[in-house]
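Since the structure comes first, as structure tokens, the remarks are kept for the end.
We did not get these values from a lab; they are worked out from the coordinates using the rules stated. Values in this document were obtained by computation on a predicted structure and should not be read as measured data. Cβ coordinates were reconstructed from backbone atoms using ideal geometry, including for glycine residues, and neighbour counts include every protein chain displayed.
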Amino acid sequence: ITAFRRCMDVNFLSAVKMCQVFLPLLRRSKGRIVNISSMAGEVSMPMFSAYGASKAALSNFSGVMRMELSKWGIKVSTIQPAGFRTSRSSWCSYKEEILKGLSSDTRRDYGEAYISSLLGGLSKMANQSSEDLRPVLEDMCHALMSLDPKPLYTPGQTAWIIPFLCRLCPTNIFDIMIMQTFKFIDCHPAALSQDCLIALHALNNFAEAGGQTLLWWSVDYFLSCGLKFA
């Protein structure tokens, strides 16, 4: 629960507090609010439950503020990026802290090898993310300086496509697609029975055969059409 509380404090409650402190000035100046959310706040992603929940709360809060403050002339924008590498610190550096917070039952059921592989998977994901933050910075500048800022910015090539596919596809199909796309580990929890592992292996074979291909075919198709949603 510590990780969830920390994520909510940093990613959501701190933004709420900042808005509360500066709202009197914003009302007088007809200023604007720009909050940095994430695609993970709209689309459920494996290994991002705490982070995604905090960003979902921020996105919802921003939407409510946009409506409630419009009568004051205050404009509220949300930046919802795809994956960008924003830190050079290794996820593996948090291994001891994470293991320390796990109960003995959790350690036994999942096994240290599986838990360690999750951290390695997060590191692989970070390494595959873009280091070029210019799309995010350009959208932030537009949200701050433009006479007519957008309510939502989605920097990053997949930042609008994946949420769009999430709304378009049946849930079960999209789950397979997203789990295969964000699959960076090969082992399974230690306590799973052999029968469960066989079923998982069959599901993984199906996903490898079509799940990821279907997702990226959809991405390529919509990009080739030149579609862009605000």
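Greater than 21 Å separation of Cα atoms is the criterion. Which listed pairs, LYS17/LYS150; LYS17/LYS100; LYS100/LYS124; LYS55/LYS150; LYS30/LYS55; LYS55/LYS100, meet it?
Violating the 21 Å Cα-Cα cut-off are LYS17/LYS150; LYS17/LYS100; LYS100/LYS124; LYS30/LYS55; LYS55/LYS100.
Can you list the trypsin sites (Lys or Arg not before Pro) in the range 1-84 that are in a DSSP coil and have 13 or fewer other beta carbons within 10 angstrom?
Loop-located and lightly packed - LYS30.
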